[in-house]
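A quick write-up on the structure given underneath.
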Amino acid sequence: MKNLRRLICFLLLGLLTVTLITACSTANNTSVTSHTQNDNCRIVKHTMGETCIPHPPQRIVVLGIEMLANCVQLGFSPIASVYESDNSLPKYLQGKVSKVESVGGYGSPNLEKILSLQPDLILADSYYSEDRYNQLSRIAPTVVLNLPYPSPPWKEQLEELAQVLGKEDIAQQLLNDYWQRIEQLKQALGARRHTMQVSVASTNSQYGIWAYGKKHFSGTILSDIELQRPPAQRGDFYIIENISEETIANIDGDVLFFVTSDASDDQEALEKLRQRPLWQQLKVIQRNKIYFVGDHWANSDIFAINAILDDLFKHLVNIP
């Protein structure tokens with residue numbers, strides 16, 4: 001009986017020892033993992049979960065031109081990006097953002113090409129990238145930003161990217177500079193901004209005629225300046241689609257900024273529109289207050305925002 005008790009005590013002591021050793025081993029592993037995360041990477045929460053990204057990342061691949069532009073303004077130099085079919089940067093970015101390696105078109109990146117570039121961070125958006133997140137995250141740590149369609153306000157996009165990259169201070173300075181330019185515009189325009197109706201519209205053969213609402217990036221800038229919009233463009237919406245020739249008065253105003261790219265289809269659609277009698281009846285056309293501007297008016301990166309402000313200074317303030 002006495003020997004049995006000794007055996008039981010011995011077994012219990014052995015079990016306790018094993019348990020303590022295991023617990024210590026587990027604690028040490030957890031500590032090492034945590035230590036590695038703190039030293040070599042930083043955990044970032046995003047729409048697809050959590051990802052530990054290097055800090056600072058050195059080889060960034062971005063799957064959106066506007067993310068590329070914002071990355072550059074935040075102090076990074078991505079190694080690759082998606083481009084449109086002609087593999088060129090938009091005009092408003094040329095000379096400001098160095099052309100980087102192409103990994104295909106927006107919405108259809110070449111995963112093999114991305115893999116060959118050995119990125120240490122992939123930045124994607126939620127509109128096209130949620131379905132291929134697992135594939136991308138096997139190549140490199142991948143962060144999916146909250147960019148559905150229609151996109152959130154441009155300020156939120158800049159701030160979210162800055163948080164991911166740990167550059168909140170630079171983003172705040174960019175926003176401060178923006179608000180300073182807004183105040184300069186407001187002072188230069190004076191009381192005119194409270195009565196001037198500014199219309200923003202565009203056209204092509206596929207979508208016809210459309211106008212941009214107050215929720216659009218360009219609309220939020222006009223609201224910040226306290227410029228007014230034509231009645232049809234005053235709602236809290238992104239765009240007005242399918243404007244017919246009979247309702248083309250919806251794009252009329254004291255000033256019309258007509259967004260057009262160099263695409264031949266856009267130009268052809270615009271030329272056809274110019275031949276229509278109802279186009280000639282618009283008061284803004286009769287007053288010659290239409291200004292043709294580039295497709296930066298449809299984009300949301302900080303370069304595009306400042307380019308829009310440049311146009312507003314040029315056409316509304318620095319009038320010959």
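Counting only residues that are closer than 16 Å to G104 by Cβ and of a type outside the set (A, V, I, L, M), the stretch 123-141 holds 7 of them.
Is the stretch 61-77 home to any residue that is part of a strand (DSSP E or B) and under 18 Å from V144 (Cβ atoms)?
yes
Taking each residue of the stretch 227-252 that is closer than 18 Å to R276 by Cβ and looking for partners that are among the charged types (D, E, K, R) and not in a helix (DSSP H, G or I) with beta-carbon atoms closer than 7 Å, six or more apart or interchain, yields E245/R276. The set of residues from the stretch 65-75 being open to solvent by 10 Å² or more (accessible area, probe 1.4 Å) and farther than 10 Å from D301 by Cα comprises V72, G75. Of all the residues in the stretch 149-181, those that are in contact (Cβ under 8 Å) with a residue 60 or more places away in the chain, surrounded by fewer than 17 Cβ atoms within 10 Å (Cβ to Cβ) and hydrophobic (A, V, I, L, M, F, W, C) number 1.
Does D295 satisfy the condition of being surrounded by 14 or more Cβ atoms within 10 Å (Cβ to Cβ), within 21 Å of I239 (Cβ to Cβ), out of contact with any Gly (no Cβ under 7 Å at 6 or more places or on another chain) and not aliphatic (A, V, I, L, M)? Criteria met by D295.
Over 30 Å from K214 (Cβ atoms), surrounded by fewer than 17 Cβ atoms within 10 Å (Cβ to Cβ), in contact (Cβ under 8 Å) with a residue 60 or more places away in the chain and in contact with an Asp or Glu (Cβ under 9 Å, 6 or more places away or on another chain): does that describe P54? In short, yes. Screening N146 on (1) touching an Asp or Glu at 6+ places or on another chain (Cβ under 8 Å); (2) surrounded by 19 or more Cβ atoms within 10 Å (Cβ to Cβ) shows it passes everything except condition (2).
Return yes or no: is S102 part of a helix (DSSP H, G or I) and either within 17 Å of V61 (Cα to Cα) or under 17 Å from the mean Cα position of the chain (by Cα) (or both)? Spelling it out, it is not the case that S102 is part of a helix (DSSP H, G or I) and either within 17 Å of V61 (Cα to Cα) or under 17 Å from the mean Cα position of the chain (by Cα) (or both). Summed over the stretch 113-149, residues that are within 19 Å of F217 (Cβ to Cβ) and either more than 19 Å from the chain's Cα centre (by Cα) or assigned to a loop (DSSP other than H, G, I, E, B) (or both) total 4. Output the residue which, of all residues in the stretch 182-205 that are surrounded by 15 or more Cβ atoms within 10 Å (Cβ to Cβ) and β-branched (V, I, T), is farthest from Q73 (Cα to Cα). Only one residue tops the list, namely T203.
The values are calculated or read from the model by the stated rules, or taken from the named source; none is laboratory data. From a predicted model like this one, the values you see are computed outputs, not experimental measurements. For neighbour counting, all protein chains shown are included, and Cβ atoms are generated from backbone atoms with ideal geometry for every residue, glycine included. Note: areas computed on protein heavy atoms with side chains; ligands, DNA, RNA excluded. Shrake-Rupley method; radii C 1.70, N 1.55, O 1.52, S 1.80 Å.
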